[in-house]
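Okay, so here's the structure we're looking at.
The values are calculated or read from the model by the stated rules, or taken from the named source; none is laboratory data. Note that the structure is a prediction, hence the values are computed from the model and not measured. Here the Cβ positions follow ideal geometry from the backbone for every residue, glycine too, while neighbour counts run over all protein chains shown. Accessible surface areas use protein heavy atoms only, side chains included; no ligands, DNA or RNA. Shrake-Rupley method; radii C 1.70, N 1.55, O 1.52, S 1.80 Å.
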Amino acid sequence: KVIAFGTSHTYGAKLEDRFAQAYPWLLTPDAVNLGIRASSPSYPALCLQTMISKTPYENYDVIILEFIIWTTHLDLLAERLRERYPDALIIFVELWNAVWIRRTENNEMVLFWMERNFPQTTKLDSPEFVEHIRTKTQPKDWKFDLRGREEFIQQIAKNVDAEVFHLPRLDSAHAALVQQGKLFAQDRNHISEFGHQVVARGVAKIINNHQFHQNNKDNSPKLGSWGSGGGDACSNWFETGQGVPVFKGHNTELRKFAPSKYALELYIGGATIIVNNPFPTDRTLYLMYMVMGPPPSPYPKTMASLPYTQQPNVELDTSTNFDTLYVHVTKIKRIGTIPPGITSLNLFPLEDLDKPFRLTGLVVSFDLGGDTQIHSPLE
């Protein structure tokens with residue numbers, strides 16, 4: 001049994017038929033694909049029990065993790081998975097893309113350089129682009145900006161006894177631009193159908209070379225606990241529009257704001273959201289909502305409060321920035337501690353802007369001790 005956690009790459013964004021072409025389903029049609037667009041490891045790290053409970057199986061032999069840009073809480077996710085599945089084969093899929101390639105002289109991303117020099121529809125493997133790179137630029141003109149990501153993933157993999165698959169990458173950024181553009185889709189960010197095939201072949205090789213250990217009478221791997229943080233109870237309606245909590249507010253409603261993307265939209269006047277903590281002890285409440293960058297964001301800053309709990313209000317910033325790239329993603333923000341049972345959450349947009357405040361999920365889980373990271377860009 002195979003389960004995959006990851007970003008829009010794992011989800012299969014930009015594929016004509018993701019259910020047939022995304023790498024988890026190339027491995028096996030029965031794979032459980034929990035890739036989430038506009039996501040980081042933070043949500044599955046906080047909500048692992050909830051996510052697993054909604055899948056067809058309780059136990060898994062192979063667990064795949066793919067998080068290309070944002071890696072905050074990837075170590076926590078890997079540790080929770082290893083504690084729950086001590087016998088499973090965990091495989092990190094380490095991707096790369098054009099976001100990591102820059103001009104040597106000014107550190108400009110190749111994506112921005114392409115915008116200035118080529119039509120928007122130009123692909124990384126288009127003949128005119130490849131020929132320009134090959135004949136009019138030199139190897140010294142380009143560099144990779146990896147920022148220690150590969151070493152970070154290698155260390156986490158070592159800590160949880162996991163394997164790592166590396167999407168093939170030439171050492172020279174210039175050579176990669178000339179020879180490896182076929183790995184990427186029209187948007188120059190996501191891996192292409194060919195890229196998914198490369199990933200599937202590489203991961204399959206790791207699986208086939210692994211010796212699995214079966215400990216129980218039914219030949220299933222051993223199950224451990226969900227970790228010292230206890231359980232989690234999460235609602236995420238971003239991709240399905242399902243699981244929205246009870247709410248009350250003027251002109252507040254669930255809306256589909258993009259293909260297969262849903263949010264509870266709030267305007268001036270705000271709304272009250274009913275939150276349930278099903279556990280016998282206190283848990284931490286986080287909100288998942290849309291942000292956009294570079295600033296200023298068209299989404300209004302919003303104030304969150306937990307009345308009657310004597311905790312300070314929390315202002316939700318709806319802007320973000322990633323090297324001046326256009327970013328439209330979700331963010332998870334810590335709001336405070338809630339007791340067992342029902343709690344009221346008040347949300348009040350502070351600005352009347354082009355777009356409403358868009359709430360995409362609630363997380364009731366253990367305390368991470370601060371905010372989570374913004375999710376991955378270019379979704």
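Assorted remarks:
- Verdict on Arg188 being on the phi > 0 side of the Ramachandran plot and either in a helix (DSSP H, G or I) or out of contact with any Cys (no Cβ under 9 Å at 6 or more places or on another chain) (or both): yes
- Within the stretch 146-199, the set of residues being of a type outside the set (A, V, I, L, M), under 19 Å from Arg103 (Cα atoms) and open to solvent by 40 Å² or more (accessible area, probe 1.4 Å) comprises Arg147, Arg169, Asp171, Ser172, Gln179.
- Of the candidates Val291, Val314, Val246, Val275, the single residue that is more than 23 Å from Ile342 (Cβ to Cβ) and among the hydrophobic types (A, V, I, L, M, F, W, C) is Val291.
- Helices (runs of 4 or more DSSP H) completely within the stretch 1-120 that count 2 or more residues being touching a residue at least 40 places away in the same chain (Cβ under 8 Å) and not charged (D, E, K, R): 8-11, 23-27, 42-53, 74-84, 110-117
For (1) buried (at least 18 other Cβ atoms within 10 Å of the Cβ); (2) at pLDDT below 95; (3) assigned to a strand (DSSP E or B), each residue gets a yes or a no:
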| residue | (1), (2), (3) |
| --- | --- |
| Asn216 | no, yes, no |
| Lys222 | no, yes, no |
| Trp226 | no, yes, no |
| Thr240 | no, yes, no |
| Gly243 | no, yes, no |
| Lys256 | no, no, yes |
| Ile268 | no, yes, no |
| Pro300 | yes, no, no |
| Met303 | no, no, yes |
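- Count of the stretch 311-341 residues which are at pLDDT below 90 and on the phi > 0 side of the Ramachandran plot: 2
- Tally, over the stretch 22-54, of residues that are closer than 19 Å to Ile207 by Cβ, more than 18 Å from the chain's Cα centre (by Cα) and either open to solvent by less than 30 Å² (accessible area, probe 1.4 Å) or at pLDDT below 95 (or both): 1
- Taken as a whole, the condition of being surrounded by fewer than 17 Cβ atoms within 10 Å (Cβ to Cβ) and aliphatic (A, V, I, L, M) does not apply to Met292.
- In the stretch 123-154, the residues that are modelled with pLDDT under 95 and in a helix (DSSP H, G or I): Arg149, Glu150, Glu151, Phe152, Ile153, Gln154
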